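Chemist: The structure's right below; bear with me while I get my questions together.
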Amino acid sequence: MSKCAPQEALRNLDRAFAHFFRRVKEKRAGKKVKVGFPHFKSRKNGLGSFRLTGAMHVFENAIQLPRLGRLRLKECGYLPMAGVHLLSATLSERAGRWFVSLQVEMEIADPQAEQKGSVGVDLGILRLATLSDGEGVDNPHALRRAQTKIRRVQRCVARRQKGSANRKKAVQQLARAHYRVANIRKEAVHQATSRLAKTKSVIVLEDLNVSGMLKNHHLAQAIADVGLYEFRRQLSYKGKWYGCEVQIADRYYPSSKRCSRCGRVKPDLALSERMYRCIYCGLELDRDWNAALNLEQWLYPGSELPRVPREVTPVESM
Ligand SMILES: [Zn+2]
């Protein structure tokens, strides 16, 4: 055992209490904050994680950690090797696999300022993202297939006797299936946000609270919303890396009800209407694409009238 594991755990506890007392103070001062006493970790949710500090070395296909020695890595080439200062390593377990993540200090060159164009992005559930230039990012198809499997394995778990070895095995299988789904979704979001941040100078997103309130009728959509926040979070930090500015359209901007050609706002729009039909100028356009165009036009208030959307059909995926 490394002395770091309990030390760092105590540091985490210290931080948890510091946050807790800060929030208590804020609440007393009259701010609207959630105050929750720090939770104990549970052994039910896997083995969890621990953090190590001290002398560490990264090799081509291995990592050397204090007390644990040299450990082979299954995946190579993603840990920073040269020109970085290693601060700590966190080891964590998920679905039977172990991961190491490093906290490092490194210099990142300022991105060059070049004009690469702007784009509006409408985030959704049917399609992960729709861009105002007519492209789109599909929700990965593999997800639906994986979800059929999850349902089957879940049934398997329910039928095994509680406390038995076979139930344990089934639970492990379920954890792996869930992990796979999470990875597929994560990859789609990472690829889309990386591509956007690298190829655009300005990205306009809608304020998610509005869509959250409008769309949050079903549990499944509530879960999908988490992905939307992740999309926005990734865009904002990747934007800093690649020199791309992320703008959030203000909360009361009617991005889905507004017509992207004439700029007039429809009084109501049902969630089931997949096509946007303008009652004033007769524009017919995919609903999400119209919203993405509106978001891009949010950048140019006043100049919306001559901007006619190009006649391109939305691309299936990026
Ligand atoms: Zn119109």
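Chemist: Going through the stretch 99-125 one residue at a time, which ones are farther than 30 Å from TYR253 by Cα and touching a strand residue (DSSP E or B) at 6+ places or on another chain (Cβ under 6 Å)?
Modeler: Once the filter is applied, which keeps residues that are farther than 30 Å from TYR253 by Cα and touching a strand residue (DSSP E or B) at 6+ places or on another chain (Cβ under 6 Å), the stretch 99-125 yields PHE99, VAL100, SER101, LEU102, GLN103, VAL104, GLU105.
Chemist: Quick one: in the stretch 225-255, which of the residues that are in contact with a strand residue (DSSP E or B) (Cβ under 8 Å, 6 or more places away or on another chain) and farther than 27 Å from ALA113 by Cβ is surrounded by the fewest Cβ atoms within 10 Å (Cβ to Cβ)?
Modeler: PRO254
Chemist: A further question on this structure: Criterion first (in contact with a Leu (Cβ under 6 Å, 6 or more places away or on another chain) and touching a residue at least 40 places away in the same chain (Cβ under 8 Å)) does LEU52 satisfy it?
Modeler: yes
Chemist: Scan (1) under 30 Å from CYS244 (Cβ atoms); (2) in contact with a Pro (Cβ under 8 Å, 6 or more places away or on another chain) for the single condition ILE108 breaks and write down its number.
Modeler: (2)
Chemist: State the number of residues belonging to the stretch 238-286 that are touching a Phe, Trp or Tyr at 6+ places or on another chain (Cβ under 7 Å), within 16 Å of the ligand (Cβ to nearest atom) and more than 20 Å from GLU135 (Cα to Cα).
Modeler: Looking only at that region, the number is 2.
Chemist: A further question on this structure: Where in the stretch 1-104 are there strands (runs of 3 or more DSSP E), lying fully within it, with 3 or more residues that are of a type in the set (A, V, I, L, M)?
Modeler: 62-65, 85-94
The numbers here are math on the coordinates, done by the rules we state, and not lab data. Please read all numbers here as calculations on a predicted model, not as lab measurements. Positions of Cβ are backbone-derived with ideal geometry, glycine not excepted, and every protein chain shown enters the neighbour counts.
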